[in-house]
Amino acid sequence: MKDFANFGDHAGEEGKTMQQWEEEARSLAASFHGKSEGDLLRAIYARAVEGRRSGTLTDEQIDAFYARFSSMLDPVRRKKLKKIVEQLKRM
């Protein structure tokens, strides 16, 4: 994941199918294999903060990212990601 700009609000964006999005998500998750959940959340947050500060990350992109990945999470992790989303949108 280079940035959040790739997470639009519709499947097929930039020619990607939902399956390709899911494969990309699994690949991203695999890159954090052996690392803690905190490491993953910090990496997501750091990337998002960078995007917000540079003006390249919009609320819509944050919402699209959440929509794409929240369904893959259990309720506890989904709630944590939602809190991060809310923090980022207040920046």
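Using the Cα centre as the reference, give the magnitude of the dipole from point charges on the C-beta atoms of region 10-89 (Lys, Arg: +1; Asp, Glu: -1; all else neutral), rounded to the nearest 20 debye. Walk me through the numbers before you get to the answer.
Numbers: 15 positive and 13 negative charges, 88 e Å.
Dipole magnitude for region 10-89 comes out near 420 debye.
Put a dot 7 Å past each Cα toward the Cβ at VAL49 and ALA25; how far apart are the dots in nm?
Simple spin-label model gives 2.5 nm for this pair.
Read-outs throughout are calculated quantities, based only on the coordinates presented, and are distinct from any laboratory measurement. Fair warning: this is a prediction, and the values are worked out from it, not measured in the lab. Every residue, glycine among them, receives a Cβ derived from its backbone with ideal geometry; neighbour counts consider all protein chains shown.
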